[in-house]
Amino acid sequence: MFSRTIFGVLAGAAALAVAAGGAVAQPKDKVKVGFIYVGPVGDHGWSYQHDQGRLAIEKAFGDKVETTYVESVPEADSERAIEQLARTGHDLIFTTSFGFMEPTLKVAKKYPNVKFEHATGFKRAPNLSTYAAKFHEGRYIIGQIAGKMTKTGTIGYVGAFPIPEVIAGINSYFLGAQSVNPNVKLKVVWANTWYDPAKEGDAAKALLDQGVDVLAQHTDSPAPIQAAEARGKVGFGQASDMERFAPKAQLTAIVDNWSDYYVARTKAVLDGTWKSEDTWGGLASNMVVMTPYKNMPDDVKKMAQETEAAIRSGQLNPFKCPVYGQDGKEIECKGNGALSDEQVLGMNFYVKGIEDKIPQ
Amino acid sequence: MRFELTPRANVSPVARALAPVAAFITSFLIAGLVIWLMGRSPIAAFEVYVTQPLTDPWSLQELIVKATPLALIAIGLSYCFRANLWNIGAEGQYVMGAIFGSWLALATHGTEAGFWVLPAMLCLGIIGGALYGLIPAFLKTRFGVNEILTSLMLVYVAQLILDYLARGPWRDPKGFNFPQSVTFDPAATLPPILETGRVHYGALFALTAILVTAIILGRTLFGYRLKLTGDAPRAAQFAGFSARSTTLAVFAISGGLAGLAGIVEVSGQIGQIQPSISPGYGFTAITVAFLGRLNPIGILVAALVVALTFIGGESAQILLRLPLDLTQAFQGILLLCVLAADALVSYRVRFVTRGGGK
Amino acid sequence: MTTFEAILLTIVTASTPLLIAAMGELVAERSGVLNLGVEGMMAMGAACSFAAAVTFDSTLLGVFTGILAGALMASLFALVVLGFAANQVGSGLALTIFGLGLSGLIGAPFVGARRDPVAPIEVPGLSDLPYFGRLFFGQDLFVYASIALTIVVALYLVRTRSGLRLRSVGENHGSAHALGLPVRRIRFLAIIFGGACAGLAGAYLALVYTRFWSPGMIAGRGWIALALVVFAAWRPAWVLVGAYIFGAATVLQLHAQAAQFGVPSQLLSAVPYLATILALLLLSLRHGRAIGAPGSLGAPFVPDR
């Protein structure tokens, strides 16, 4: 079903590239770092968090770096903006949305001396790395909290689009909930947008109206958790800490923390040690950070902390085998005691117990 | 205080030609003031926005790439607008053209299908856009439903259909379930005009459409008929021109050209189907059509100007850290100034400070 | 609160901004002016109202600022289309582009700020009536204002002399001018009213609906408002109906998903738009071609021609 060969070929290409590229890399005194954002920096979600990472670079290196960004770049018309950064002397360019994959690849081929980093994609080149975060690790923890906290036995999820990353998040959330509450039910609503606060809020209200009392979201605005707060229900922040929008409702938030990675990659360019790599960081590498657990009983808090520690140390994998599909059949276990990375990255099935269907 | 407008008896062609220039200068002055108030140098901004893109071969090329779909769609819209028909759904027709054309690209993917694929795709794109444009036209002529509403609503519907296709049936089975199709075969890819460049043959299509339109509007009965339908619908009726067939014709033309722009962008630029294939070209093209005063040559210039503001806006973000919103506000001011300047050429405006209304 | 009640309440919230903005546009269009700048005016209303509400910590002040911002935007439009007799469609689009850009500049410093919910007005006893209690007696002030607005506009257009004058200006500005009506002054006021309403609708989105500001938060609602005016065939009562149908379709498709019907979500998302087209079609079929726009809609007016 999934093509391991693509991964294999790309990995091979990357390895060759590293061998070739390593020779020419030299330390630099000053680095120019450019960012391409898919949304406005003020979205307080996805692009905002990437911009926090950019600011972290400025803070870490001061005069030795210069950073720039281009915001609200439409995915269908991004090649020019990326090339514009490449030809204005940027040494390292981060393109921060899946839709920038092909354009980044094209520009990377044209500018072999510029380093590129593409978020959430799977195509690499000698001067093009990829990086993504294992948000599903955090979602397993919030799933467990949800399973414990729900009184109605029904938990909810506002999804943006049915892409693998979101599906994996939903499955992990549900597996977490199921692990502590075997009879729990899950309702999913697709907003069909990453960012329309009013519509996301309506989606959340629809779930709350249908008996959901713990709400998770994979859209970018604070509107869903704010809706939960207004109804006296609880939920989880997404992308950034949303506590100020829902001080009573936010149990914890899964924060996208790109800062450490961006600082490390910039340092690598400064030191001349940058290589084309594929990074998939989670709780252990601080790319995914949980905000303090609040508004919950102490035993739930303790459980959440223990689970977080277990995932961090590698003892626990949310997709540990056996994993069952919706039809009850066991999913072939291609990884080491858990689903393989490719299986998670390309996930397009719901696990057993979710009664909804994935929109196709 | 109020304004008095008196039509000018003779409008000199020189004044008409200079009006947009004056509008440009005015809007640059306003923008310069805003930038100065933000504590930046207006002169540096002008450099980055205008001088640099216009003197650098790379950005000149990008200018053409960006202007191509805008010009194609806007020239089509000018047919509608001249006849006082408000097709604001070009974005949907663009998407539908891309869907129709891409269907063939995906159906022939990996086969030995030859050179005919690309021309057939382009034709399908035109057909798809035209058919989709005919829906509001038909609803208007047959049932009297207002075209503004239906054409706009159909934009959202087309986008959702594309979204469904990209995430569902047309998804690349080897793409890790990400919402995008396979990349098109070379036989289904619109090649660049120069081997190394990004300017593809779509630019020639746009030029052709502009020239043909100039001839049609200036030299043919159909052009006269459009003008008459727009300016004096009654007279057009007396002259025996059916409003119904005019409506259908202009919607088919503008839909077809928008559809062509759609498939050109997908096969020439993007190279695959994905949930989003347009940064709002269909809507921006309405601005272009007006900025160009519905005149074919004007539209060509306007498309390049609007493309310049986009490219200049990106440079300004990179080099000067000026926010994107500033660029957008500037585009609005520019269009308002051009429209106002146009009116000032046709009318003499006097301020009357006493007396109020009649 | 039962599910039924809760759904009704959500529908009301989703419909109110559409209703307010569309009602303002309706008045402008009845005077013969097509202002496609609603989206831009709403964006400005949202950004300015939120900025003022946060700065002065006053929702009321925020609302007034939002209304003022919408009206100011509209006066710019009025200057161009009335003062200079420029093309209305083009000018309206320009206003939208300008408003979206400027609102981004104004709102940028306020990203991340939030406002507390606006308390609904409760009537002891009545609010707790089953099914419709909350619907009629538990809404925030904006909802009642939007209903009042509908009634006032409807009465104004049909029952008052001034309303008659406004309609005749929109129907045929040539004859209205010949009769001595101040065409441009009437239109100016109508445009300002439309802008004020759009500003109020934007303020509602920012202060009540989401209670925070972010770029692009209007998300096409201004265009929907424009469509609703056409859908309603320029009649206030039908604007109300249309706004609520659209709001209901938006909310119910989300409920249909939560209820797990297994229909593609894209199809459900398209339902509000398809429903609007269908409703419009049925309306035209029933009324024949009688439903028409105001005669002078969109045409520039130059006196003493």
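Worth a mention:
- Taking only alpha carbon atoms, chain C gives an Rg to Rh ratio of 0.99, where Rh is the Kirkwood radius.
- Ranking of B:109, A:50, A:118, C:255 by count of other Cβ atoms within 10 Å, fewest first: B:109, C:255, A:50, A:118
- Over the C-alpha atoms of region B:73-276, the Rg to Rh ratio, Rh being the Kirkwood estimate, stands at 1.03.
- Each of A:271, A:77, A:196 was scored by other Cβ atoms within 10 Å of its Cβ. Listed from fewest to most, they are A:271, A:77, A:196.
- Exposed loop positions in chain B were taken to be chymotrypsin sites (Phe, Trp or Tyr not before Pro) whose DSSP state is not H, G, I, E or B and which have at most 13 other beta-carbon atoms within 10 angstrom. Between these positions, the longest stretch is B:117-358.
- Model label points for residue C:161 and residue B:194, set 7 angstrom from Cα along the Cα-to-Cβ axis, are 7.2 nm apart.
- Phi to ³J(HN,Hα) by Karplus 6.51 cos²θ - 1.76 cosθ + 1.60 over region A:331-340, Hz, x for Gly, Pro: 7, 4, 8, 9, x, 8, x, 8, 4, 6
- When +1 charges are put on Lys and Arg Cβ atoms and -1 charges on Asp and Glu Cβ atoms, the dipole computed for the protein assembly as shown relative to its Cα centre reaches about 2820 debye.
- Share, in percent, of DSSP beta bridges within the protein assembly as shown that are antiparallel, nearest 5: 25
- Between residue B:52 and residue B:116, the FRET efficiency from the beta-carbon distance, with R0 = 45 Å, is close to 0.60.
- When the trypsin sites (Lys or Arg not before Pro) in region B:221-328 are filtered for DSSP coil states and for at most 16 other beta-carbon atoms within 10 Å of their beta-carbon, the remaining sites are B:321.
- Magnitude of the charge dipole, chain B, Cβ model with Lys/Arg +1 and Asp/Glu -1, debye to 20: 1580
- Of the trypsin sites (Lys or Arg not before Pro) found in region C:205-298, the ones in coil according to DSSP and having at most 13 other Cβ atoms within 10 Å of their Cβ are C:289.
- Dipole magnitude of region A:212-295 about its Cα centre (Cβ charges: Lys, Arg +1; Asp, Glu -1), debye to nearest 20: 240
- Beyond 31 Å in Cα-Cα separation lie the following of the pairs A:109/A:334; A:109/B:174; A:109/B:66: A:109/A:334.
- Nonlocal amide H pairs with residue A:234, under 5 Å, H built at 1.01 Å: A:215
- Residue with peak Gaussian network fluctuation, chain B [Cα springs, cutoff 10 Å], from B:325, B:185, B:172: B:325
- Convex hull per residue volume in Å³, alpha carbons only, for chain B: 182
- When the protein assembly as shown is reduced to its Cα atoms, the Kirkwood hydrodynamic radius in Å: 29.7
- Label-zone membership for region C:219-241, site residue C:147, 7 angstrom Cα→C-beta point, backbone N under 20 Å: C:236-241
- Note on region C:149-267: the alpha carbon radius of gyration divided by the globular reference 2.2 N^0.38 Å gives 1.38.
- Computed label-point distance, nm, for sites residue B:18 and residue A:336 using a 7 Å Cα→Cβ extension: 7.9
- Two-site label geometry, residue C:61 and residue B:11: point separation in nm, points 7 Å out along Cα→Cβ: 4.8
- In chain B, excluding the sites themselves, the longest stretch lacking any of the GluC sites (Glu not before Pro) that are in a DSSP loop with at most 15 other Cβ atoms within 10 Å is B:196-358.
- Long-range amide H partners of residue A:65 with built H, under 5 Å: A:31
- Under 19 Å from the Cα of residue A:59 - aspartates and glutamates, other chains or at least 8 residues apart: A:29, A:51, A:91, A:256, A:260, A:271
- Ranked list, fewest to most other Cβ atoms within 10 Å of each Cβ, for A:96, B:213, B:208, B:196: B:196, B:208, B:213, A:96
- For residue A:239, the residues 5 or more places off, or on other chains, whose built amide H falls under 5 Å of its own are A:254, A:256.
- For the protein assembly as shown, the Cys residues with no second cysteine's beta carbon closer than 4.7 Å are B:80, B:123, B:337, C:48, C:197.
- Low-density loop positions, trypsin sites (Lys or Arg not before Pro), region A:104-187 - DSSP coil, at most 11 other Cβ in 10 Å: A:151
- 3J(HN,Hα) from dihedral phi, region A:43-58, Karplus parametrisation 6.51/-1.76/1.60, rounded to Hz, x for glycine, proline: 6, 6, x, 4, 5, 4, 5, 5, 5, 4, x, 4, 5, 5, 4, 4
None of the figures in this text is laboratory data; all of them are computed from the coordinates on show. Predicted, not measured: the structure shown is a model, and the values here were computed from it. In this analysis, Cβ positions are derived from the backbone assuming ideal geometry, glycine residues included, and neighbour counts consider all displayed protein chains.
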